[in-house]
1. Tell me the label only: which of (1) 34, 25, 21; (2) 37, 29, 18; (3) 34, 29, 21 is semi-axes √(5λ) of the Cα gyration tensor in Å as calculated from this structure?
2. For region 62-85 and region 452-481, what is the separation of their Cα centres, given in Å?
3. How much accessible area per residue does the chain have, counting only protein heavy atoms and a probe of 1.4 Å, in square angstrom?
4. Sequence neighbours fewer than 8 away in the same chain don't count; with that in mind, list the lysines whose C-alpha is under 26 Å from K331.
5. Percentage of Cα-Cα pair distances in region 268-422 greater than 24 Å, rounded to whole percent?
6. Under the 0.36 nm per residue contour assumption, what length would be gained going from the current alpha-carbon distance of R18 and V302 to full extension?
7. Please report the net charge: other residues with Cβ closer than 14 Å to the Cβ of A45, K and R +1, D and E -1.
8. Roughly how many percent of the accessible protein surface of the chain is carbon and sulfur, given a 1.4 Å probe and a whole-percent answer?
Amino acid sequence: MASSTRVAAMISMERIIRSGERVALAHYHLDPEQWEAMLTAPGRALSLLSCWADEQRVYVLLLDGDCPLMASTAVEDRRYLAPSSRFPAAEWGERVAYDLWGVEAMSACGDGRPALDDGFWETTWPLSSRPGPGGQALPLLAGRSRLRAETTGLSGPLELSFDVVRGAVQGLSVDAGLAHRGVLQRMVGLSPEEALPLVARMTAGGFVAHPMAFCRAVAQARGLQPGPGTRDAWMILLEIERISVHLFDMARTARAVDAGLLATHCEHAREAIAAACAEQSVPRRLTDVITCEGVRSGLEIVPLAQAVLEVMYSRMAQLRELQSVFAPRLKGLAVLAPAQAREFAVGGLVGRASGRSLDVRRREVGMRLDALRATGSSDGDAAARDALRLTEIRDSLALIKRILGSIGMDDDEPAPEATQEGIGAAEGARGDVWYWVRLKNRKIESVHARDPAVSLLPVLHRVLQGEVPERLSAGLKSLALAPSGVAM
């Protein structure tokens, strides 16, 4: 303890991490003393993106500025020092690791409730080399109100339980792992190409973002750099998805507050994009268009992009007018304070609407940064998020147009060193998606995915605290929380 304390007193968290054994481009193995020093380092903590563990190691994926930095340490006697002792947002990953592998986070924050195992599993710790017998179903807390999965209006299973005190929600808790699918574990042993269809269906808001982040991680592991033509095609597809998902989230939020006219216009615009895709012989929701080598055979990116621009530009003025008319209905709903967005590293549109300006696109090679003009407010409520969605649609159209004007523009980005490990990211419509992949003999030996929905879990009870129960569903829809991105 004394040794690690002396180290922590001298150097910053990022320097402690880089003092470990470098095993990949941005991944460092730490010994127990270095791990403890990292978690007790004075001063500013790096932003936590994700935490996960298996029987051998525990990992944290952090942001150093806008670049990923990864640290891991060995799990000893099925225990490790909890990252949540420094990063409260790590608690979810620690709970998942215990439910799946039976490894315990020491000095963890939180109440230790299961994340996934509701007591109906046939075995506990099913991925462990020493699984145990199934437990007993967890009892429901008497006297508490519940918002059940089928009434949240979300695309996936998530339930809320809470008390109602003088008409307002208090003491809210979230059950988000009700339908854990084991998708990541099913990918182990497959080639990246074989695993890609699973990645492409991880969540409906990321048919492009998830495979794009995965393919970038695979390319880095293989020591490859996608060419400028592939890079620009991926960018355009990602922006088309962003526009479509933003329209979906705006429509769903609008219907929740009886703004049917705005919802209808958003739905019609989204359907026009889907029809434009179909006319170009592309799947309506852009499923299976990303490949490890680039894009699916036969996809003509230029006419597709031009068709989307044509159907959207004529609709923007009407959407802007209707959004401003109905905005007062969303004022003050589900407020995420700027301090909470920073503390829990909430990214994407939700974070930007609360004053946290992270946008992974800004660090991408070849990005036409002059098209990204949108900045969020610091109001952090549903009205701010809705206004920002429409502003980001405007920027996406401008970005597509800029890319078309210089598509395939070359750059001097060198290929990375092939280490059989890679980290990939994509700024999806609902936030930054991250993948870490380790390959062995051309197969996936280990993989982790972080969907932006995970960053919302630690703050959800704060955001919805004090709302009237009848507004909970509208608040959830405005946050665009995707439960399928949690239960992977």
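1. Here semi-axes √(5λ) of the Cα gyration tensor in Å agrees with entry (3).
2. 27 Å
3. 40 Å²
4. Straight-distance partners of K331: K477.
5. Of all Cα-Cα distances in region 268-422, 49 percent exceed 24 Å.
6. 97.9 nm
7. In short, +1.
8. 52 percent
The values are calculated or read from the model by the stated rules, or taken from the named source; none is laboratory data. These numbers come from a predicted model, not from an experiment. Cβ: placed from backbone, ideal geometry, glycine included. Neighbour counts: every protein chain shown. In case anyone asks, the SASA skips ligands and DNA or RNA and just uses the protein heavy atoms, side chains included. Shrake-Rupley method; radii C 1.70, N 1.55, O 1.52, S 1.80 Å.
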